[in-house]
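Trainee: Provided herewith is a single structure, encoded as structure tokens, for subsequent inquiry.
Any read-out appearing in this document is the output of simple, stated calculations on the displayed coordinates, not a laboratory observation. Because the structure is a prediction, the values reported are computed rather than measured. Don't worry about glycine lacking a Cβ; one is built from the backbone with ideal geometry, like all the others, and counts go over all protein chains shown.
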């Protein structure tokens with residue numbers, strides 16, 4: 001990636017994260033495009049060059065994390081077992097963009113994230129981002145396993161499973177009491193998947 005492309009990607013990520021942070025703090029309906037642009041130090045016109053709406057900017061972080069995981073998976077040693085490689089790629093590529101990722105976040109922030117996730121204007125964008133994210137990860141799995149993304153179920157099943165593990169870990173991290181580090185929950189989820197999701201002891 002050239003310097004210009006990297007700068008554009010960095011700006012896109014910064015705008016997306018600013019949209020999430022401001023929405024979690026103030027509520028989706030109370031944040032304007034102008035607020036998001038100002039947070040990053042760019043013009044509203046620049047924002048519109050990257051995103052068509054606040055909702056799209058918020059949901060874009062989901063795809064960016066998936067793209068990062070896919071890149072990490074492609075970079076893992078070829079001899080590393082698949083689920084070990086996936087676990088390492090996810091733990092490197094999917095940290096939360098917050099300094100509080102290893103502890104329970106501020107209660108007001110948690111409530112803001114919950115309300116954001118439930119907002120009708122965001123549901124469609126989240127669904128689109130999730131589908132694009134799974135496609136990106138499935139492509140990386142197909143490359144690593146020598147399977148065909150257009151003919152084989154395997155890479156899509158793996159990508160969908162990883163996506164579910166990340167979603168479940170994030171949701172539990174926001175709700176669990178007493179708190180647990182996000183990385184610990186994510187690692188546990190991936191370990192359970194790698195073992196075939198054995199039934200918990202009765």
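Trainee: Can you divide the C-alpha Rg of the stretch 1-99 by 2.2 N^0.38 Å and report the result to two decimal places?
Mentor: Here the Cα radius of gyration is 1.25 times the empirical estimate.
Trainee: Let's test the formula: R0 of 41 Å, r as the Cβ-Cβ distance of residue 34 and residue 145. What FRET efficiency results, to the nearest 0.05?
Mentor: Plugging the Cβ-Cβ distance into 1/(1 + (r/R0)^6) gives 0.35.
Trainee: What order do you get for 125-135, 50-60 when each peptide is scored by the mean count of other beta carbon atoms within 10 Å, highest first?
Mentor: 50-60, 125-135
Trainee: Here's a follow-up. Using alpha carbons only, how many degrees (0 to 90, rounded to 10) separate the axis of helix 82-93 from the longest principal axis of the chain?
Mentor: Between the helix axis and the principal axis of the chain, the angle is about 20 degrees.
Trainee: List the relative contact order of the stretch 58-194 as a percent without decimals, with contacts defined as Cα pairs under 8 Å and 6+ residues apart.
Mentor: The normalised contact order for the stretch 58-194 reaches 31 percent.
Trainee: Right, another one. Add -39500 (n - 2.57) for each DSSP H run of 4 or more in the chain, then divide by its residues: what number comes out at 222 nm, to the nearest 500 deg cm²/dmol?
Mentor: Result for the chain: -24000 deg cm²/dmol, rounded to the nearest 500.
Trainee: Once a ≥ b ≥ c are taken as the square roots of the eigenvalues of the Cα gyration tensor of the chain, is the result rounded (a/c under 1.5), prolate (a/b larger than b/c) or oblate (a/b not larger than b/c)?
Mentor: Judged from the Cα gyration tensor, the chain comes out oblate (a/c at least 1.5, b/c at or above a/b).
Trainee: Now for a separate question. Subtract the Cα-Cα distance of residue 10 and residue 25 from 0.36 nm times their separation in residues, and report this length gain in nm to one decimal.
Mentor: Between residue 10 and residue 25, full extension yields 3.2 nm more.
Trainee: Moving to a separate point now. Given springs between every Cα pair under 10 Å in a Gaussian network model of the chain, which of 146, 79, 87 has the largest fluctuation?
Mentor: Judging by the Gaussian network model, the answer is 79.
Trainee: Report the label-to-label distance for residue 188 and residue 127 in nanometres (one decimal), using points 7 Å from each Cα along the Cα→Cβ vector.
Mentor: The modelled label-to-label distance comes out at 3.1 nm.
Trainee: Something else about it: Given the Cα-Cα distance of residue 78 and residue 175 and 0.36 nm per residue of separation, how much length would full extension add, in nm?
Mentor: That works out to 31.2 nm of additional length.
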